[in-house]
Amino acid sequence: MTENWLATGSRNHIVETLRDLPDVARSSDILVFDDETGQQIDFDLRALEVEPPKRGRPKLGVTSKEVTLLPRHWEWLARQPGGASATLRKLVDTARKAGSSDREKRDAAYHFLSAMAGDYPHFEDAIRALYANDQSRFETLTADWPVAVREHGLNLAWGE
């Protein structure tokens, strides 16, 4: 089996990349991962059609969803400049910029590597090095792995 890297990016970018692929014998030959969690995402390749329009401002990527807060939270949000939506967006962006914790990064790398490299040589030792935050040992143990798998594991665990 050959592991190839096809795309990294937004869901729409991934969907477009998958649409542009030639037909594959088995959809299970293509794996998609969420880089924040390392979990595999299932796409039904037969159902990659354009989604129906949603409420909100779709051209700006804005969709309407519900948020449940206590009255004191709504009161605080109402007092903020720009209102509730702008304040919530700022809070979310600030939290996202703060990034994932080291543990979350290691867990994401572990989930990805379990799916892609679980039967590779030195897998168990590489995972021990991952959780020991020993990047040098991880790189040594994974040197013979396919470049795309090793590099993505490194990026998930230690990348920005």
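Taken over the range 138-153, the criterion of being buried (at least 17 other Cβ atoms within 10 Å of the Cβ) and either part of a helix (DSSP H, G or I) or touching a His at 6+ places or on another chain (Cβ under 8 Å) (or both) is satisfied by PHE138, LEU141, THR142, VAL149, ARG150, HIS152, GLY153. Among the residues making up the range 103-129, those that are among the acidic types (Asp, Glu) and either surrounded by 12 or more Cβ atoms within 10 Å (Cβ to Cβ) or not assigned by TED's automatic domain parsing to the domain that holds VAL147 (or both) are GLU104, ASP107, ASP125.
Just wondering, is there one or more residues in the range 114-125 that are in contact with a helix residue (DSSP H, G or I) (Cβ under 7 Å, 6 or more places away or on another chain), at pLDDT 95 or above and in a helix (DSSP H, G or I)?
Within the range 114-125, the first condition is being in contact with a helix residue (DSSP H, G or I) (Cβ under 7 Å, 6 or more places away or on another chain), and the residues that meet it are 116-117, 122-123, 125.
With at pLDDT 95 or above added as a condition, the list becomes 122-123, 125.
Keeping just the survivors that are in a helix (DSSP H, G or I) gives 123, 125.
Yes, the conditions are met somewhere in the range 114-125.
Those residues that are among the acidic types (Asp, Glu) and touching a residue at least 24 places away in the same chain (Cβ under 8 Å), I need them from the range 105-134; list them, please.
Step one: list which residues in the range 105-134 are among the acidic types (Asp, Glu), which gives 107, 119, 124-125, 134.
Matches in the range 105-134: ASP107 only.
Evaluated against (1) within 26 Å of SER28 (Cα to Cα); (2) touching an Asp or Glu at 6+ places or on another chain (Cβ under 9 Å); (3) of a type outside the set (Ser, Thr, Tyr), PHE123 falls short on exactly one condition, (2).
Evaluation of LEU60 against the conditions (1) modelled with pLDDT of 70 or more; (2) outside the structural domain of ARG128 (by TED's automatic domain parsing); (3) hydrophobic (A, V, I, L, M, F, W, C) shows that the sole unmet condition is (1).
The values are calculated or read from the model by the stated rules, or taken from the named source; none is laboratory data. Just so we're clear, the structure is a prediction, and the values are computed from it rather than from any experiment. Every residue, glycine as well, gets a Cβ built from its backbone with ideal geometry; the counts of neighbours run over all protein chains shown.
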